[in-house]
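These notes are about the structure you will find just below.
The values are calculated or read from the model by the stated rules, or taken from the named source; none is laboratory data. Note that the structure is a prediction, hence the values are computed from the model and not measured. Positions of Cβ are generated from backbone atoms using ideal geometry, with glycine treated the same way; all protein chains shown enter the neighbour counts.
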Amino acid sequence: MKVRFAPSPTGALHVGGARTALFNWLLARGSGGVMALRIEDTDRERSTPENVEQIFDALRWLEIDWDEQTFQTDHAERHREVLDQLLSEGKAYRSTATSEDVQAYKAEHGADRAFRGEDEGEGAVRLRVPDAGETVVHDAIRGDSTFRHAHLDDPVIARADGSVLYNFAVAIDDLDAEITHVVRGEDHLSNTPKQLLVLEALGAKQPVYAHLPLLHGPDGKKLSKRHGAASVQELRDAGYLPEAVRNYLALLGWGYDDETTFFTTDELKERFSLERVSRNPAVFDEQKLRWMNGRYLRELSLDELTERLETLTGRTGLRDVVEISADKISTLDEFWPLAGFFFDGPADDPAAYAKVIAVDGGVERLQAARDALEKTDPWTVESLEGALRGVVDELGVKPKAVFQPVRVALAGKTISPGIFESLAVLGRDESLSRMDAAIARGRTSV
């Protein structure tokens with residue numbers, strides 16, 4: 001088996017493109033086959049080195065590797081050779097016919113008569129489509145699709161200046177690379193009969209085609225930025241793990257059974273097959289990806305999670321804070337907003353102070369907690385919890401009435417890792433100092 005991923009470098013790699021790359025890669029790696037990467041860079045304005053690098057960057061982050069790499073523009077001479085061959089054999093011709101001419105021809109000859117032109121010796125190059133017969137696309141996912149030649153116009157395969165068009169170049173590139181399976185998005189299905197006609201004109205065997213279902217958002221509409229992260233780089237920057245993204249993308253249109261959700265990459269390589277890919281649109285739901293990513297995060301060892309977070313934040317010495325924060329984050333980028341106060345000091349959230357400390361009894365409860373904590377020894381999670389629960393019992397209030405003022409004093413906000421664990425990590429002196437500052441501020445505000 002030999003497959004290819006052939007992106008156009010017109011920007012960041014879209015989630016749908018990443019899913020296509022992944023499916024091709026799983027097929028190649030699971031079968032011991034070859035994965036080819038072909039950059040279709042014929043759009044010279046948009047195919048900049050920066051955009052090409054974005055493709056490489058996204059695939060490297062997803063840990064999708066490839067065995068061969070080419071650029072479509074490298075094949076320009078070969079494209080011209082085949083074009084000249086078809087012209088010399090009478091299988092293609094030059095025509096000046098415009099789109100208006102095509103419509104006029106079809107109006108004259110009837111709705112069931114597609115455009116057929118005459119060789120004018122100049123103009124764009126069109127491929128001759130046989131009048132009789134049909135072209136059948138054998139699709140591993142969608143079954144057979146039949147296109148009657150009577151309904152197919154002679155397609156333009158090259159401009160008047162000799163530069164070839166997409167469907168011609170792709171067919172030649174796939175043929176020369178000996179691609180056995182063309183796995184791509186369903187939006188390419190309408191291109192396939194044109195590419196097959198090129199292959200048929202050359203007497204070449206068609207590869208196996210597999211057109212993947214499109215990706216939709218949870219609202220049933222085509223996936224776009226309004227549904228959340230739309231590119232691989234956006235997922236990376238949002239703190240997702242590549243292994244979680246691979247697992248989730250693999251499930252978009254494919255499933256091994258009705259129960260299994262989590263797969264290692266080796267399991268995906270072993271089990272993935274085109275036969276289990278659905279024809280129905282797949283739904284990309286970032287909330288489900290966040291849930292899956294959270295599971296992956298919590299399965300990392302503490303050392304590995306710490307390393308990833310230290311790489312992301314550029315900070316060191318995070319291990320103790322990571323340990324008490326891991327069960328509260330679903331993506332890597334949620335860590336610093338949750339736990340940055342350990343290093344940068346309490347956040348400045350006036351609403352949190354006003355709601356929790358600068359209210360009737362708020363300062364007094366915080367003072368009582370502070371006094372109890374000052375006497376606590378040893379400064380351990382167990383002792384700290386016992387001291388604060390003792391304050392709750394003494395004051396006859398709900399735990400939240402004591403714990404939240406302490407939390408706001410330490411973190412400057414109402415959300416943080418566990419309060420007892422936070423106290424233990426901050427240490428006695430820093431914890432009491434922050435509580436003293438919050439008490440002073442609260443008394444000023446009352």
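Assorted remarks:
- A single member of PHE71, PHE115 is of a type in the set (Phe, Trp, Tyr), outside the structural domain of THR42 (by TED's automatic domain parsing) and farther than 30 Å from ASN247 by Cα, and it is PHE115.
- Residue match in region 156-163 (condition: closer than 27 Å to ALA18 by Cβ, surrounded by 18 or more Cβ atoms within 10 Å (Cβ to Cβ) and not acidic (Asp, Glu)): no
- Segments classed as helices (runs of 4 or more DSSP H), wholly inside region 1-120, with at least 3 members that are under 16 Å from the mean Cα position of the chain (by Cα) and surrounded by fewer than 17 Cβ atoms within 10 Å (Cβ to Cβ): 49-61
- Residue in region 132-155 that is within 22 Å of ASP43 (Cβ to Cβ) and in contact with a helix residue (DSSP H, G or I) (Cβ under 9 Å, 6 or more places away or on another chain) present: yes
- Among residues of region 400-419, those that are crowded, with 21+ Cβ neighbours inside 10 Å and either outside the structural domain of ALA354 (by TED's automatic domain parsing) or over 16 Å from VAL356 (Cβ atoms) (or both), counted: 1
- Any hit, region 93-111, residues being over 30 Å from HIS149 (Cβ atoms) and among the aromatic types (Phe, Trp, Tyr): no
A quick yes/no check of all residues on (1) surrounded by fewer than 18 Cβ atoms within 10 Å (Cβ to Cβ); (2) in a loop (DSSP other than H, G, I, E, B):
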| position | (1), (2) |
| --- | --- |
| ALA132 | yes, yes |
| VAL137 | no, no |
| ALA150 | yes, no |
| ASP154 | no, yes |
| ALA171 | no, no |
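- Residues within region 196-252 that are at pLDDT 95 or above and among the acidic types (Asp, Glu), tallied: 2
For every residue, the table says whether it meets (1) in the same structural domain as THR414 (by TED's automatic domain parsing); (2) modelled with pLDDT under 95.
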| site | (1), (2) |
| --- | --- |
| THR306 | no, no |
| ARG319 | no, no |
| LYS328 | no, no |
| PHE341 | no, no |
| GLY361 | yes, yes |
| ALA368 | yes, no |
| LEU373 | yes, no |
| THR376 | yes, no |
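- Among residues of region 58-72 being of a type outside the set (A, V, I, L, M) and in contact with a helix residue (DSSP H, G or I) (Cβ under 7 Å, 6 or more places away or on another chain), the one that is farthest from LYS2 (Cα to Cα) is TRP61.
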